[in-house]
Structure formats: C-alpha cells, structure tokens
Amino acid sequence: MKVFVAGATGALGRQLVPQLVAQGHEVVGMTRSESKQDLVRSLGARPVVADALDPDAVAQAVASAEPEVIAHQLTALSGKMSIRDARHPDRSSAAKMTNRLRTEATDNLLDAGRAVGTRRFVAQSFGAFRFARTGGPVQTEADPLDPDPRQTGLEAILYLEHAVTTIEWGEGLVLRYGGFYGPGTGISLAPDAVMAGPIRKRRFPIVGDGGGIWTFIHVEDAAAATAIAVERGRPGIYNVVDDQPAPVREWLPVLASVLGAKPPRRIPRWLGRLLAGEMATLMMTEARGASNEKAKRELGWKPRYASWRQGFAQGLG
Ligand SMILES: NC(=O)c1ccc[n+]([C@@H]2O[C@H](COP(=O)([O-])OP(=O)(O)OC[C@H]3O[C@@H](n4cnc5c(N)ncnc54)[C@H](OP(=O)(O)O)[C@@H]3O)[C@@H](O)[C@H]2O)c1
C-alpha cells in the first residue's frame, strides 16, 4: 500500500518507516526541514517537505502521495523538560506546540486524506498514566481519562481521539502509547536522553510511597503495533503498552541501576509538590496503569519486550 507518514523523522517515525518498507509498503515521509530529507531517504521512504500547521502545504504533500493510509506521528515532546516545566507543564512551548499538532495538524491531515480518497488513518495518542485516579491499578480503553483540568494537553488528546475515530470516509485508529524507551527516546543510553540524565544525577526521586503505576513501551514495539494498525484492526482506541504496568518504586531503581546510577533518592510528598508540582507528584504516587489486552486480541500484536525489566536491560541502546 501507499502509506504517508507525518513525523517520519521522529523517535517513533524512525522505527516505523523501515518496518513499513520491510512489509512491502511504499512510504512517503513528511518533514518540515529540507535538511532532513536524506534521513527520510535513508529510512527507505520518499521525503516530502511541509509544515503540518500549514493546511495548503499539507494538502499538497498528501496529494502528491495519494496515500491509502496516513500515519500521524507528530509531536513536539522530544525537547528538554525543566523542573519549571514539570510545575507548569501547560506553559511549556513543547506542550503548546504538541497541542497544536494534535488539533490543527490533525484537521489538516484528515482534510487532506479525505480529499484524495485515503481510507485509513492511524494516529498517535498518549494514555499511559493519564487515567482517572479511581478504580483498579490497571485500566482499559473503556475507562475514563483523568478529567483534572491541570492534566497537560488533555483537551487536545481528546480532540484528536474523537476526530480520528469518528471519520465516516475511512477507518480511524488511535494508538495510546505507553512511556517510550529505547533509541531516540527520553530513556536511552544516549548522553542527552531527557529522562535518563536526571536519573543518572539522582535528580529523579521516588516521591511518597512511589505507588503511581507507569506503563512503558519500547519504541520498536510501538512502531510494530503501528505498522499492524496501518494494515488491519477496527476503528477505535488501542493502548499500546507492555505487559507489566508497575509502580515507580519498582521500576525506577531497576532503571537507575541499568543506567549505572546510584539508587534513586526518596522524598516525601510535600517536598515533591514543592519541587515538581501537584501533577508530577500525583503521577509518582497515584497514576493508574494501562492494559494491552485489546491491542493483543484485536491487532494480533505482541510486544517483543513484554516487560520493561527485559527492555531496560536489553533495549536502551
Ligand atoms: N509520544 C509521546 O507520547 C511521548 C510522551 C512523553 C515524552 N515523549 C518523549 O518525547 C519523544 C517523542 O518522540 P516522538 O517521535 O513522539 O516525537 P519527536 O521525536 O519529537 O518527533 C516529532 C516528529 O514530528 C515532526 N513534526 C513536528 N512538528 C512538525 C510540523 N510543524 N510540521 C511537520 N512535522 C513536524 C518532526 O519532523 P521534523 O522535525 O523532521 O520536521 C518529527 O518527525 C521521545 O523522546 C519520547 O521519549 C513522548
């Protein structure tokens, strides 16, 4: 099939494009920068340059590809995150841009796809540790997300999920990835990895009882699920996460040890609130995990790294 990947050069896109090519698809990869065209070519795709926020440019790029499927993998989340950003996540420029990519750019891609007869649309969303802090430790796609207005970008996420899964001219699938780790992500062996850095410096403590449950996914496994969703699966939302949601107090010491760091410090909740703000503290203490049962059952997908334990040990490079 002809597949158009918006975000071909991102952490996820760089894994997805070669997998699609290996499956025999003809891929066109979108980037904003002339200078990243060679990267797109090296992944096996034909590059096309367009700003996702420019509706005419997107329409032209998509029309030049006439894709049967569009994969929307646009975010602006890969930049550095300061403590100030953690305290006021909605004020960070990365969050503001990601909100625009999840709303305006989604509309631009949907309009462009409809205009050229695209019949399937697969989009990136984010659900891990965003569930309402009620009910059991591990939740499904049927459970509500946390309606707390302090949740970063919730409105934009809900906008994207609704817009994509309700298209009538094709099939819309939304993949809610877990926290990424692996090459090109914030948790990797690269010296500039955004989350690994503070963990190495013991600046990523366990807050309170560390009971918040996080759900991870290796970026290669996330791409494999996406490559399947390009081909099959019913419209709807799918959690793309590993088999083992786990509390911070369990996974963080393991990750610190893999990164060669000393065990994480422990700080009380009140200090967590003071340093990193209320929402970050809630993520560390009360977040709920996500179940991958639906993606496994309906997409026939199975993560290669079924557990972050194995993935952190073998897949960070
Ligand atoms: N995905 C999540 O839910 C999530 C959540 C928290 C943290 N993180 C971390 O953030 C990183 C995210 O990886 P990612 O793959 O989602 O993002 P990424 O690596 O930042 O890639 C973003 C992609 O979007 C494209 N893009 C952004 N703005 C664009 C625009 N206006 N027009 C056209 N293209 C545009 C970029 O293309 P060009 O630059 O080539 O133009 C790039 O291909 C990882 O390190 C992950 O650990 C991710």
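The values are calculated or read from the model by the stated rules, or taken from the named source; none is laboratory data. The structure displayed is predicted, hence computed values, not measured ones. Every residue, glycine among them, receives a Cβ derived from its backbone with ideal geometry; neighbour counts consider all protein chains shown. What goes into the accessible areas is simple: the full protein's heavy atoms, side chains included, and nothing from ligands, DNA or RNA. Shrake-Rupley method; radii C 1.70, N 1.55, O 1.52, S 1.80 Å.
Some observations on this one:
- Scanning the stretch 138-186 for residues that are among the acidic types (D, E) and either open to solvent by 30 Å² or more (accessible area, probe 1.4 Å) or free of Cβ contacts under 8 Å to residues at least 12 places away in the same chain (or both) yields E141, D143, E155, E168, E171.
- Residues in the stretch 4-60 that are more than 9 Å from the ligand (Cβ to nearest atom) and touching a Leu at 6+ places or on another chain (Cβ under 6 Å): V17, P18, V27.
- Cross-chain or 6+ apart pairs with Cβ under 9 Å, the stretch 30-45 first and more than 15 Å from V3 (Cβ to Cβ), then open to solvent by 90 Å² or more (accessible area, probe 1.4 Å): L39/R14
- For I267, the test of being open to solvent by 20 Å² or more (accessible area, probe 1.4 Å), in contact with a strand residue (DSSP E or B) (Cβ under 7 Å, 6 or more places away or on another chain) and in contact (Cβ under 8 Å) with a residue 60 or more places away in the chain is passed.
- Matching residues in the stretch 174-212 - criterion: being outside any loop (DSSP other than H, G, I, E, B), within 16 Å of the ligand (Cβ to nearest atom) and touching a strand residue (DSSP E or B) at 6+ places or on another chain (Cβ under 7 Å): V174, L175, R176, Y177, G179, F180, Y181
- Count of the stretch 61-100 residues, restricted to those that are open to solvent by 20 Å² or more (accessible area, probe 1.4 Å) and modelled with pLDDT of 75 or more, is 15.
- Leading residue by the ranking (surrounded by the most Cβ atoms within 10 Å (Cβ to Cβ)) among those in the stretch 298-317 that are closer than 13 Å to A225 by Cβ and among the aromatic types (F, W, Y): Y305
- Test: residue in the stretch 243-252 that is open to solvent by 60 Å² or more (accessible area, probe 1.4 Å), modelled with pLDDT under 95 and either part of a strand (DSSP E or B) or touching a Gly at 6+ places or on another chain (Cβ under 9 Å) (or both): no
- Residue within the stretch 117-137 that is in a helix (DSSP H, G or I), in contact with a Leu (Cβ under 9 Å, 6 or more places away or on another chain) and either farther than 21 Å from I228 by Cα or free of Cβ contacts under 8 Å to residues at least 40 places away in the same chain (or both) present: no
- Residues of the stretch 270-297 classified as surrounded by fewer than 15 Cβ atoms within 10 Å (Cβ to Cβ) and either within 23 Å of R234 (Cα to Cα) or touching a Phe, Trp or Tyr at 6+ places or on another chain (Cβ under 7 Å) (or both), total: 2
- Selection from the stretch 263-272 of residues that are under 15 Å from R203 (Cβ atoms) and in contact with a helix residue (DSSP H, G or I) (Cβ under 7 Å, 6 or more places away or on another chain): P263, P264, G272
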